[in-house]
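Below is one structure; the comments refer to it alone.
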Number of protein chains: 2
Amino acid sequence: MQTLNVEFAERSYPIHIGQDLLARADLIRPHLKRKQVAVVTNTTIGPLYLEQLCAPLRRENVDIVTIILPDGEHYKNAEILGKIYDALLENRCERGTTLLALGGGVVGDMTGYAAATFLRGVPFIQVPTTLLAQVDSSVGGKTGINHPLGKNMIGAFWQPKLVLADTRTLNTLPDRELSAGLAEIIKYGLIRDPEFFVWLEQNMPRLMAREPAALAYAVRRSCENKAAVVAADERENGVRALLNLGHTFGHAIEAGMGYGVWLHGEAVAAGTMLAADLSRRLGWLSDADVSRIAAIHQAANLPVAAPQLDPDTYLDLMGLDKKVQDGKIRLILLQAIGKATFTADYPPALLRDTLAAAHA
Amino acid sequence: MQTLNVEFAERSYPIHIGQDLLARADLIRPHLKRKQVAVVTNTTIGPLYLEQLCAPLRRENVDIVTIILPDGEHYKNAEILGKIYDALLENRCERGTTLLALGGGVVGDMTGYAAATFLRGVPFIQVPTTLLAQVDSSVGGKTGINHPLGKNMIGAFWQPKLVLADTRTLNTLPDRELSAGLAEIIKYGLIRDPEFFVWLEQNMPRLMAREPAALAYAVRRSCENKAAVVAADERENGVRALLNLGHTFGHAIEAGMGYGVWLHGEAVAAGTMLAADLSRRLGWLSDADVSRIAAIHQAANLPVAAPQLDPDTYLDLMGLDKKVQDGKIRLILLQAIGKATFTADYPPALLRDTLAAAHA
């Protein structure tokens, strides 16, 4: 087991990474304010891991409420959130009750948001079971739900007390979701860790084969990168925005295709290629750089071509992104492999060229 | 105009108190991150004050989105909250858009909660137009909505950038709501300010006559009391709970009678009398103390008798309150006029006696 501490002024928390952490009640117990846990999971993950998690806790006399959500991004909405509140209240959960998210990003985001807002805030533990959740949504405290007019439009910043990233749970992950997680891992290399990017170029086959040691290394290094950025900028005023490489394009892809058609990581991969293309048009990346970026995504079996939406549709959907300021779309672009920048200072015509090229 | 600064480590904010502050765009403008404000109000307050507030802002080229909610505590729910989000997104509000609450506690709580959660948090200004909101919900950052199973069960702590308490808006306040606000003002005297309690005993007729100077003094002194408590304990781990004198009983009264039948302040008044009765049974207050507490409430035209709910109904409803810990109901009780304590250390039989006496 490896442990990483995410440092904040008042509320640091540990991320444990390794095999078979799910059943380690000894890791969970010290973080419980009182012996009541509401475990939120979904209909896919519940049958696989709920009992493995709960049995050891029950043996320590922890009172457990289980809340099983339907599986899928399109359930990350106000209605299902309301069902979490209903269950918490019906089971008389209190301020000292800890909410535990067992599942991927959707379960983590919704459970975290429920924890941020139930009784104006209760403690929260994450047990992410997808690669994406382990390297992305479990670090940084972003929680929330979607709105029909945009992804993650409603939310809060709420830090977990503890994250358990059990790499064994990745064995049951569908191939497509493994790849989606790799998209976020590649992102850390691209925005700030060129050495890690090279490691990924060399080790992608091991990750695709789900070698535990390779996965644990990639998860830890990704979390380290994210934690470093987040600690410097918890509320996304500056450098944290760099973590959203490919996301403004990606959100437009997800919204334009209908949530759930493209996986988040797939949309980010295609969005990253759009960001790389625009960076090339700005003269920042070479053709060779763009080819390397395409190649590593392809090695992870990720899409490198964005869907053929109309450029105006793209611009419209991108305008709903949270990163708009005074009407101008700010984007994360690449100055080199391993160096990103957040800027609205680009010729709008070049953005349109990038979108038109994707459309062609 | 009087100004009080509520001090927090990173996010202090001013409360301006006085006549005719509503139209003072000069006070609002410096707090806007960008020139867009979403004003949330209701169907009662909107026709009275919306234009007075907005016209001067428009003259300064501030872009204004108006969101008019139905009036009433029973609309403080997830459905109406959703309509605020809809309007914000449909009008392309951004992270720099300021939400401004123009109205009473319901508008303030819902707008504040929308501000806390829209795009994971946007700036927020309060223009409270009821006495209750001026002395209570505008200080301390508590925001939220009700759930069918309990009041304020969903919420967040979110501090405003600015509060404008315009005492002129109290001229249009119905008598019953003026009294409800006085209940909270009396509370500050009871829990920590015996001198203010005496001032209130002497000046209640001036407040009932809505004399501006008396109102401004009472609002300022109440805000000072609340601000002092809140600054010491933003997230209600300790001393802040004292502000809830009468509230655990009061919430049970509101829930038991159906939200909106009793005004919040009326329920708090009757709840405070229950807390005083229990304090007397514990030997902390004298009969004379209890009589003084009853008399000041009566002078403010507030109910001193709780509704005749069954004691078990009370206990059941009180058990849903956020202040329960490990199944035991903690209460704010009075050790003297001007001195409150937060405790679960009382004989349950005495609580039952108090509730049974109310039932008789």
Helix B:175-192 sits at what angle to the longest principal axis of chain B, using alpha carbons and giving 0 to 90 degrees rounded to 10? 60 degrees
State which stretch of chain A is the longest one without any exposed GluC sites (Glu not before Pro), exposure meaning a DSSP loop state and at most 14 other Cβ atoms within 10 Å. A:61-360
Pull up the cross-link candidates among the aspartates and glutamates for A:LYS161, meaning alpha carbon to alpha carbon under 12 Å and not fewer than 8 places away within one chain. A:GLU7, A:GLU10
Of all DSSP beta bridges located in the protein assembly as shown, what percent are antiparallel, nearest 5? 45 percent
Helix axis angle, A:348-359 relative to chain A longest principal axis, alpha carbon, degrees: 80 degrees
Spin-label model distance (nm) - B:TRP199 vs A:LYS33, 7 Å beyond Cα toward Cβ: 3.5 nm
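Please state the relative contact order of the stretch B:2-172 as a whole percent: Cα pairs under 8 Å, 6+ residues apart? Please list the in-between numbers first.
Numbers: 343 pairs, mean separation 45.3, N = 171.
Relative contact order for the stretch B:2-172 comes out at 26 percent.
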Work out the charge dipole of the stretch B:1-155 with +1 on the Cβ of Lys and Arg and -1 on the Cβ of Asp and Glu about the Cα centre, then indicate which of B:GLY140, B:ALA55, B:LEU88 is farthest towards its positive end. B:LEU88
For B:LEU315 paired with A:THR313, estimate the spin-label separation in nm (one decimal), with each label point 7 Å from Cα along the Cα-to-Cβ line. 6.2 nm
Treating the beta-carbon of each Lys and Arg as +1 and of each Asp and Glu as -1, no other charges, what is the dipole magnitude of the stretch B:197-285 about its Cα centre, to the nearest 20 debye? 160 debye
Expressed as a whole number, the average count of other chain Cβ atoms within 10 Å around the Cβ atoms of B:141-150 is 3
Selected from B:ALA358, B:ALA344, B:PRO311, residue furthest toward positive end of dipole (the stretch B:219-360; charges at beta carbon): B:ALA344
Treat each spin label as a single point 7 Å out from the Cα along the C-beta direction, and report the A:ASP86 to A:LEU149 distance in nm. 2.7 nm
For a quick check: sort A:THR354, A:THR130, A:THR66, B:THR172 by the number of other beta carbons within 10 angstrom, fewest at the front. B:THR172, A:THR66, A:THR354, A:THR130
List the lysines whose Cα lies under 18 Å from the Cα of B:LYS328, skipping any in the same chain that are fewer than 8 positions away. A:LYS33, A:LYS35
So how do B:VAL106, B:VAL6 line up by other beta-carbon neighbours within 10 Å, fewest first? B:VAL6, B:VAL106
Quick calc, the stretch B:245-360, dipole around Cα centre from Cβ unit charges on Lys, Arg (+) and Asp, Glu (-), nearest 20 debye, gives 320 debye
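Subtracting the Cα-Cα distance from 0.36 nm times the residue separation, let me have the gained length for B:ALA78 to B:ASP287 in nm, one decimal.
Values: separation 209, 0.36 × 209 = 75.24 nm, distance 4.40 nm.
Here the segment from B:ALA78 to B:ASP287 would lengthen by 70.8 nm.
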Only Lys, Arg, Asp and Glu count, each charged at its Cβ (+1, +1, -1, -1), so figure out the dipole size of chain B about its Cα centre, rounded to 20 debye. 880 debye
Label-to-label distances across copies for A:GLY238, with labels 7 Å out along Cα→Cβ, in nm, shortest first? 3.4
Once each part is reduced to its C-alpha centroid, what is the distance from the stretch A:42-110 to the stretch B:18-58 in angstrom? 42 Å
Among the lysines, select those whose C-alpha is under 18 Å from the C-alpha of B:LYS339, and discard any that sit fewer than 8 residues away in the same chain. B:LYS187, B:LYS226
For the Cα atoms of chain A, what angle does the longest principal axis make with the long axis of helix A:78-90, in degrees from 0 to 90, nearest 10? 10 degrees
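Count, for each residue of A:95-104, the Cβ atoms from other chains sitting within 10 Å of its Cβ, then give me the mean as a whole number. All intermediate terms of the calculation are to be shown ahead of the outcome.
Details: counts 6, 3, 0, 0, 0, 0, 0, 0, 0, 0.
Mean number of neighbouring Cβ atoms from other chains: 1.
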Spatial separation of Cα centroids for the stretch B:172-249 and the stretch A:276-298, in angstrom: 63 Å
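Read-outs: derived from the displayed coordinates by stated rules, not from any lab. If you're wondering where the values come from, they're calculated on a predicted model, not measured in any experiment. Here the Cβ is made from the backbone with ideal geometry for all residues, glycine too, and neighbour counts use every protein chain on show.
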